[in-house]
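Following: one structure in structure tokens, then a few remarks.
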Amino acid sequence: MSREARIMMLHYITGLVIIVAGAIHLATVFLVSPYEESLRFDNTPWSVINVYRNSLLAGSLEALLLAVAFHGFNGLRVILLELHQGRTWTRAVNVAVTVAAIAVVINGTKTIFIASML
Amino acid sequence: MSGKLQEVRLRVYRYDPSNGGRPRYDIFSVPVKKDTTVLSALLYVKEKLDPTLSIRFSCRMATCGSCGMMINGLPRLACYTLVSQLKSKTITVQPLNNFPVVKDLVADFTDFFGKHRAMKPYLLRIDTYEQEKSNISYRQTDEELLKYIQFAYCIRCGLCYAACPVVATDKRFPGPQALSQLYRYYIDSRDEGGGERLEVVSDSHGVLRCHFAGSCSQVCPKGVDPALAIQLLRRELLFGRRTG
Ligand code: SF4
Ligand code: FES
């Protein structure tokens with residue numbers, strides 16, 4: 001499989017992950033947890049902090065973050081490469097989206113990690 | 001021509017890049033009957049009203065693929081489009097989208113044919129000596145033939161290329177015609193190109209860039225379904241097995 005084919009395969013897989021992990025996230029917020037409680041930061045079972053402390057929910061948020069970062073930035077790469085062609089442009093776009101995706105993942109992971117430690 | 005004569009307005013795109021002029025539209029009144037084609041109407045203009053009008057055509061029967069143009073905004077064959085079917089008193093004709101203009105309605109097919117050639121549109125065999133021996137023939141079952149025959153009906157008219165939104169923005173994208181021809185040979189049981197064929201379209205401007213707009217298959221005058229070929233090719237590239 002070519003490099004581009006591997007990237008696009010991952011693009012489709014992360015698309016599916018977004019649907020599944022996104023559904024879990026929305027279901028916990030809107031269906032399982034009492035809405036009032038989900039907005040609180042205290043020690044009630046479904047408060048924001050307790051959601052992060054639950055390793056299954058925190059894990060699904062991390063999966064959602066990784067999938068969104070890859071899928072979103074790869075989508076942006078595809079659009080940018082279609083709008084303009086050239087070796088320098090391709091290289092610049094590849095570097096820029098990789099750096100941006102890594103920055104988003106680091107920042108998001110930091111938030112999930114810190115919140116789960118509170 | 002048969003039936004009652006009626007007048008239509010032909011709004012014709014005029015442009016000659018060689019004299020640095022700006023594109024303009026000329027309007028001609030043309031008498032038409034029920035069975036007048038857009039090509040016949042344009043030839044009337046050329047014969048009777050303005051001999052400087054440039055058009056490309058040959059067979060006049062939807063076989064050579066040379067008379068493609070934008071007719072009322074859609075890529076169509078002028079010889080295969082009846083004025084009466086357009087149901088419009090004014091008909092606008094322009095050169096095909098996504099092609100440079102040679103003059104007036106004549107589009108430059110250099111890139112288009114270059115992309116077609118890059119797909120190696122012929123049987124690839126490991127043993128070329130055997131292939132060139134005239135007493136050899138490759139047998140094929142009906143099922144094997146059915147896998148590619150619809151794609152072999154392509155007349156290289158370029159209508160699908162003109163309709164493709166990816167070709168409009170990505171000049172390196174091979175386009176629906178070239179990709180469907182690649183699939184046509186890839187899936188042919190007599191062909192041994194295999195992975196070498198897929199490699200040509202596996203980069204970041206290749207077959208994976210298709211948006212699946214499907215406009216290529218909508219406009220094809222020969223019933224070829226390039227969008228299907230592209231999706232099957234994409235499946236081959238991602239899952240790496242011969243299917244169909
Ligand atoms: S696939 Fe159809 S529209 Fe495209 S070049 Fe071939 S005949 Fe023309
Ligand atoms: S003149 Fe040959 S296809 Fe129209």
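Yes or no: B:R125 within 24 Å of B:P165 (Cα to Cα), more than 16 Å from ligand 2 (Cβ to nearest atom) and of a type in the set (K, R)? Give the steps one after another, and end with the answer.
Working: within 24 Å of B:P165 (Cα to Cα): no; more than 16 Å from ligand 2 (Cβ to nearest atom): yes; of a type in the set (K, R): yes.
Here the answer is no, as B:R125 does not meet what is asked.
So which residues in region B:84-100 are without any contact (Cβ under 8 Å) to a residue 40 or more places away in the chain and either among the basic types (K, R) or in contact with a His (Cβ under 7 Å, 6 or more places away or on another chain) (or both), if there are any at all?
B:K87
What's the number of the only condition in (1) open to solvent by 60 Å² or more (accessible area, probe 1.4 Å); (2) among the β-branched types (V, I, T); (3) more than 30 Å from A:N43 (Cα to Cα) that A:V93 fails to meet?
Exception for A:V93: condition (1).
Out of the residues in region B:117-164 meeting the condition of being out of contact with any Gly (no Cβ under 9 Å at 6 or more places or on another chain) and within 13 Å of ligand 1 (Cβ to nearest atom), tell me which one is farthest from the other protein chains (Cβ to nearest Cβ).
Only one residue tops the list, namely B:A152.
Quick one: count up the residues across region B:101-140 that are open to solvent by less than 70 Å² (accessible area, probe 1.4 Å), in a loop (DSSP other than H, G, I, E, B) and free of Cβ contacts under 8 Å to residues at least 40 places away in the same chain.
Matching residues across region B:101-140 total 2.
Can you tell me how many residues in region B:58-75 are within 13 Å of ligand 1 (Cβ to nearest atom) and on the phi > 0 side of the Ramachandran plot?
Of the residues in region B:58-75, 2 are within 13 Å of ligand 1 (Cβ to nearest atom) and on the phi > 0 side of the Ramachandran plot.
Suppose we filter B:V207, B:V224, B:V200 for residues that are buried (at least 20 other Cβ atoms within 10 Å of the Cβ) and within 14 Å of chain A (Cβ to nearest Cβ); which single one remains? Show your work before the answer.
Details: B:V224 fails: within 14 Å of chain A (Cβ to nearest Cβ); B:V200 fails: buried (at least 20 other Cβ atoms within 10 Å of the Cβ).
On inspection, the qualifying residue turns out to be B:V207.
Restricting region A:1-56 to residues that are of a type in the set (S, T, N, Q) and open to solvent by 70 Å² or more (accessible area, probe 1.4 Å), which is farthest from the other protein chains (Cβ to nearest Cβ)? Steps first, please.
Of the residues in region A:1-56, the ones of a type in the set (S, T, N, Q) are A:2, A:14, A:28, A:33, A:38, A:43-44, A:47, A:50, A:54-55.
Right, trim to open to solvent by 70 Å² or more (accessible area, probe 1.4 Å) and you get A:43, A:55.
Numbers: A:N43: 48, A:S55: 33 Å.
Here the residue is A:N43.
Only one of these conditions is not met by B:L96: (1) outside any loop (DSSP other than H, G, I, E, B); (2) surrounded by 20 or more Cβ atoms within 10 Å (Cβ to Cβ). Which number is it?
(1)
Residues in region B:180-194: is at least one within 14 Å of another protein chain (Cβ to nearest Cβ) and surrounded by 17 or more Cβ atoms within 10 Å (Cβ to Cβ)?
No: region B:180-194 contains no residue that is within 14 Å of another protein chain (Cβ to nearest Cβ) and surrounded by 17 or more Cβ atoms within 10 Å (Cβ to Cβ).
Kindly indicate whether any position in region B:158-167 is under 25 Å from B:L238 (Cβ atoms) and either open to solvent by 60 Å² or more (accessible area, probe 1.4 Å) or in contact with an Asp or Glu (Cβ under 8 Å, 6 or more places away or on another chain) (or both).
yes
The values are calculated or read from the model by the stated rules, or taken from the named source; none is laboratory data. Here the structure is a predicted model, which means the values were calculated and not measured. Heads up, the Cβs are rebuilt from the backbone with ideal geometry, glycines too, and the neighbour counts pull from every protein chain shown. In case anyone asks, the SASA skips ligands and DNA or RNA and just uses the protein heavy atoms, side chains included. Shrake-Rupley method; radii C 1.70, N 1.55, O 1.52, S 1.80 Å.
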